[in-house]
Amino acid sequence: MRISLIVTALFFISAKVKAQHPKVPDTAGYCIIQENKEAFPKFYKLFHQLLANEPLLKQVTFINKKGKGPGFANPNGTVVLDLDFFINKKPRYDDNRLIVILYHEVGHLHYYKKTDRAKWNPEDSEKAAFEYSLLKTKEMAEAKDCLPLKTGLHFMLLRSQSNETSDPHVRALKRMVNEPLYAEYVAYQREVCK
């Protein structure tokens, strides 16, 4: 029990530290998203759909911090987006990957909602978020847009091969890519997304 409490405390401290990156005023953040409507049209559309229709998404805030991940989610329903990924376009972060990332962050919100707080842990949260992004991008594939699913599967497999096992994303992916659910998504993508 004591270890569980320590892990939970570290999880929240980590989330709080992530939220303390240089904050960008909301109006400026939304303007940057708007300015990137043509560069990331699918992300832009999904971003606004989620703002309007995802009840667990209470707020989006923005930071500009080079060298960190593109997004974070907090248990209070806030998703934090790093505008550096929009201002300084990154070759490995195209429209499709940003969709996967946005769904991943919303997946964290679902994990926080569905999981008893005493059982929260970073690795399970990451795994749930990755699985949620695969579920949602498969729905996009069913609607004839396979690229987000293909992109998600590609980068998840790639990241699972990392040796950075201190990262809960990597630990979650090392588990996930060896499970039947992941194999089902791969099989679906191979069969449907030609």
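If a residue has to be aromatic (Phe, Trp, Tyr) and either modelled with pLDDT under 95 or at positive phi (or both) to count, how many in region 125-145 make the cut?
0
Filter region 122-148 down to the residues that are farther than 11 Å from ALA172 by Cα and polar (S, T, N, Q) and list them by number.
SER133, THR137
Does region 35-57 contain at least one residue that is surrounded by fewer than 16 Cβ atoms within 10 Å (Cβ to Cβ), in contact with a strand residue (DSSP E or B) (Cβ under 9 Å, 6 or more places away or on another chain) and in contact (Cβ under 8 Å) with a residue 12 or more places away in the chain?
For region 35-57, residues surrounded by fewer than 16 Cβ atoms within 10 Å (Cβ to Cβ), in contact with a strand residue (DSSP E or B) (Cβ under 9 Å, 6 or more places away or on another chain) and in contact (Cβ under 8 Å) with a residue 12 or more places away in the chain: absent.
List the strands (runs of 3 or more DSSP E) inside region 1-95, counting only whole elements, that have at least 2 residues being under 30 Å from SER166 (Cβ atoms) and at pLDDT below 90.
Strands (runs of 3 or more DSSP E) meeting the threshold: none at all.
Taking the conditions exactly as written (surrounded by fewer than 14 Cβ atoms within 10 Å (Cβ to Cβ) and either charged (D, E, K, R) or part of a loop (DSSP other than H, G, I, E, B) (or both)), does GLU126 satisfy them or not?
No; evaluated as a whole, the condition is false for this residue.
Here are LYS174, LYS136: which of them is in contact (Cβ under 8 Å) with a residue 24 or more places away in the chain, not in a loop (DSSP other than H, G, I, E, B) and not hydrophobic (A, V, I, L, M, F, W, C)?
Only one candidate passes the filter, namely LYS136.
For (1) surrounded by fewer than 21 Cβ atoms within 10 Å (Cβ to Cβ); (2) in contact with a Gly (Cβ under 9 Å, 6 or more places away or on another chain); (3) of a type in the set (Val, Ile, Thr), each residue gets a yes or a no:
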| residue | (1), (2), (3) |
| --- | --- |
| HIS110 | yes, no, no |
| TRP120 | yes, no, no |
| PRO148 | no, no, no |
| GLY152 | no, no, no |
| THR165 | yes, no, yes |
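Across region 65-101, what is the total count of residues that are touching a Gly at 6+ places or on another chain (Cβ under 7 Å) and hydrophobic (A, V, I, L, M, F, W, C)?
Number of matching residues: 6.
Among all residue pairs at least 6 apart or on different chains, which show Cβ distances below 7 Å where the first residue, located in region 67-82, is buried (at least 16 other Cβ atoms within 10 Å of the Cβ) and the second is among the aromatic types (Phe, Trp, Tyr)?
Between residues of region 67-82 that are buried (at least 16 other Cβ atoms within 10 Å of the Cβ) and residues that are among the aromatic types (Phe, Trp, Tyr), the close pairs are PRO70/PHE85; PRO70/TYR93; PRO75/TYR112; VAL80/PHE72; LEU81/PHE62.
Tell me, please, whether a residue that is within 21 Å of LYS42 (Cβ to Cβ), at pLDDT 95 or above and either in a loop (DSSP other than H, G, I, E, B) or of a type in the set (Val, Ile, Thr) (or both) can be found in region 146-153.
Yes, region 146-153 contains a residue that is within 21 Å of LYS42 (Cβ to Cβ), at pLDDT 95 or above and either in a loop (DSSP other than H, G, I, E, B) or of a type in the set (Val, Ile, Thr) (or both).
For SER162, state whether it is at pLDDT 95 or above and in a helix (DSSP H, G or I).
no
Can you tell me which of ILE63, ILE101 is under 23 Å from MET176 (Cα atoms), crowded, with 19+ Cβ neighbours inside 10 Å and touching a strand residue (DSSP E or B) at 6+ places or on another chain (Cβ under 9 Å)?
Every option except ILE101 fails the conditions.
The values are calculated or read from the model by the stated rules, or taken from the named source; none is laboratory data. It should be emphasised that the depicted structure is a prediction, and the values quoted were computed from it without experimental measurement. Counting neighbours? That spans all protein chains shown, and the Cβs are built from the backbone with ideal geometry, glycine included.
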